[in-house]
């Protein structure tokens with residue numbers, strides 16, 4: 001992403017603006033020290049001051065032109081602002097474009113401005129900004145495993161359809177979110193617009209039905225060394241494993257059929273006949289016994305199910321991960337090596353995160369179309385309130401070292417293409 005967080009920081013922009021008023025006192029001090037530079041310093045200060053005033057007048061003229069020429073109204077404007085997670089930027093952009101394609105007339109401007117639409121349209125010039133239309137920066141975004149697109153960071157559409165309105169969408173890299181702003185004179189427009197928009201985002205998300213890997217990055221703040229976490233989503237390629245290529249005991253196959261495939265294939269029937277559908281599995285056993293391989297097998301067999309994979313540091317973002325899973329239902333959330341973060345509370349440095357996981361496993365909605373799968377090599381380290389609570393984990397599935405029969409089946413499967 002070619003976005004400079006410092007340049008998008010309103011505090012830094014304000015510093016540049018108010019700092020410009022220091023030209024005159026600095027010039028005066030230099031004049032006292034070097035009198036022969038007086039005319040040059042005076043001329044420089046006058047030019048700088050004229051530039052500041054010029055920016056203000058140019059901005060004001062542009063705003064007036066929008067209101068009078070493009071929109072045709074200057075009073076009774078209503079402003080709405082909605083914050084979304086940053087990873088929904090492309091989905092929202094696509095949904096807004098879909099709405100615009102159904103309107104009669106619209107015009108797009110690209111602006112590069114960290115201020116809100118309300119501040120811009122009400123001439124609140126509290127920072128040094130040129131509000132004339134200009135090309136904003138581009139942002140590179142993955143929309144599939146092999147495809148990238150480029151979108152403007154700041155997008156503003158002027159719609160002249162029945163009631164004039166302004167729709168603005170911007171990616172805020174400084175605060176790691178997506179901001180949607182709307183200005184209109186029609187009080188009923190926004191409610192129906194945002195309802196249809198959110199529905200379309202959920203139904204047509206670029207992430208729906210894909211295998212996603214969650215990343216978590218700690219970001220150093222510009223002010224006072226503050227830190228924050230940024231959650232990212234990456235598309236993950238998987239090798240689809242055929243049923244004949246997975247060598248498992250009949251016991252484990254039956255567990256998977258009942259707890260996974262039946263859960264997704266017959267969800268509507270189960271939902272109508274059971275009081276709750278909370279479902280969670282815990283895969284445990286020695287390393288190399290097929291826990292992750294089995295998960296890939298499940299992913300390959302389940303069509304139109306969104307898979308969300310998290311491990312390591314990203315496990316601490318369990319609330320965000322669960323929110324993504326709920327948005328993209330039906331879904332599976334795979335949490336790998338959970339003993340690293342969700343160990344017994346006596347030994348746990350992530351107690352608040354442990355509580356978050358237990359809340360998510362309990363389920364806020366009792367009939368969600370979502371399945372949790374947890375894996376660990378050390379079940380003895382996992383918190384008892386997770387592994388021993390039937391309402392949170394439906395079944396613990398032990399992956400033992402293969403017996404002689406399974407080893408023979410595995411070897412036959414591996415050499416069949418060479419016979």
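Observations on the model:
- Check on residue 285, modelled with pLDDT under 85, more than 18 Å from residue 392 (Cα to Cα) and surrounded by 13 or more Cβ atoms within 10 Å (Cβ to Cβ): no
- Residue within the stretch 334-354 that is closer than 12 Å to residue 280 by Cα, crowded, with 17+ Cβ neighbours inside 10 Å and at pLDDT 85 or above present: yes
- Residue match in the stretch 317-324 (condition: in contact with a helix residue (DSSP H, G or I) (Cβ under 6 Å, 6 or more places away or on another chain), farther than 20 Å from residue 358 by Cβ, assigned by TED's automatic domain parsing to the domain that holds residue 388 and outside any strand (DSSP E or B)): no
The values are calculated or read from the model by the stated rules, or taken from the named source; none is laboratory data. It should be emphasised that the depicted structure is a prediction, and the values quoted were computed from it without experimental measurement. Quick reminder, even Gly has a Cβ in these numbers, built from the backbone with ideal geometry, and neighbours come from all protein chains shown.
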